[in-house]
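J.: Pasting in a structure now, in structure tokens, and then I'll have a few things to ask.
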Amino acid sequence: MGMQQAGGMDTTALIQRIRRLAMLDTSVFDEVRGDAASTVPAVLVAVVSTLLFGLGGWLWWALNGPDSDFYLSSGDIFLKSFIIGSVLSVILWGVWVGITYIVLGQLFRARVDIQELVRVMGFATAPLALGVILFIPVLDFGIGLTSVALLFGATVIAVQSATDAPAGKTLVAVACGFAVWAIVLALFVGDDSIYAPGFFMFDVGAEILRA
């Protein structure tokens, strides 16, 4: 029992749910929505998935990016993109949850519970973990784009399970939060600073490599 649980969290159940999500079993969202014990695991999924996303970006830079006194070194990327960028991404994910809640509850007057949103949206971040293999040559950009696209799609499905709002309004609410998450992270990327994880470094990386 001690091996299966940590701090009251059933790690076996968590792993099984992640495996089911990988098999596109979206009934997981219906399960965790009303399960108070799934709140901490959901946040853990969001944090770990984001870290794996950031790790993939750092590995991509370490293998493909220029490493000199003029350009950012892989050490700079590790601190700025992987560590700080991942923290900023998780914070902005929390903002995304809040925006989705406000748009659904206050603007559309739909039934929605913030704790339920945290649970389902936390598990919906699992596709970001795909970004850990961003370093694969040729496929790197496609992998990054796919992980972010799957994040958005999974979140729409997840939120729909936690509200009575019509599908169109759910899509709008999720898109509003996603836009803030993506745009703000993009604003943290510049020629000499990449405070965003994974996929977000491709633009500045490509510009430097062409220089």
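The values are calculated or read from the model by the stated rules, or taken from the named source; none is laboratory data. Source: prediction; values computed, not measured. We place every Cβ from the backbone using ideal geometry, glycine too, and count neighbours over all the protein chains shown.
J.: Which condition number does Gln4 fail, the rest of (1) closer than 25 Å to Ala196 by Cα; (2) modelled with pLDDT under 95 being met?
T.: Gln4 satisfies all of (1) closer than 25 Å to Ala196 by Cα; (2) modelled with pLDDT under 95 except (1).
J.: On the given criteria, is Val148 touching a residue at least 60 places away in the same chain (Cβ under 8 Å) and in a helix (DSSP H, G or I)?
T.: Criteria not met by Val148.
J.: Would you mind telling me which numbered condition in (1) in contact with a Pro (Cβ under 8 Å, 6 or more places away or on another chain); (2) under 30 Å from Asn64 (Cβ atoms); (3) surrounded by 22 or more Cβ atoms within 10 Å (Cβ to Cβ) Leu150 fails?
T.: (3)
J.: Residue check: is Asp25 within 18 Å of Gly153 (Cα to Cα) and either at pLDDT below 95 or in a loop (DSSP other than H, G, I, E, B) (or both)?
T.: When the stated conditions are applied, Asp25 passes them.
J.: Restricting the search to the range 159-203, which residues are among the charged types (D, E, K, R) and either assigned to a helix (DSSP H, G or I) or touching a residue at least 40 places away in the same chain (Cβ under 8 Å) (or both)? Even if it seems obvious, please write down each step before you answer.
T.: Narrowing the range 159-203 to residues among the charged types (D, E, K, R): 164, 169, 191-192, 203.
Those that are among the charged types (D, E, K, R) and either assigned to a helix (DSSP H, G or I) or touching a residue at least 40 places away in the same chain (Cβ under 8 Å) (or both): Asp164, Lys169, Asp192, Asp203.
J.: Can I ask one more? Name the helices (runs of 4 or more DSSP H) wholly inside the range 42-136 in which the number of residues that are within 21 Å of Leu21 (Cα to Cα) and touching a residue at least 24 places away in the same chain (Cβ under 8 Å) is 3 or more.
T.: 86-102, 114-123
J.: Residue check, Ile91 against (1) surrounded by fewer than 23 Cβ atoms within 10 Å (Cβ to Cβ); (2) touching a strand residue (DSSP E or B) at 6+ places or on another chain (Cβ under 9 Å), all met but one. Which one?
T.: Answer for Ile91: the failing condition is (2).
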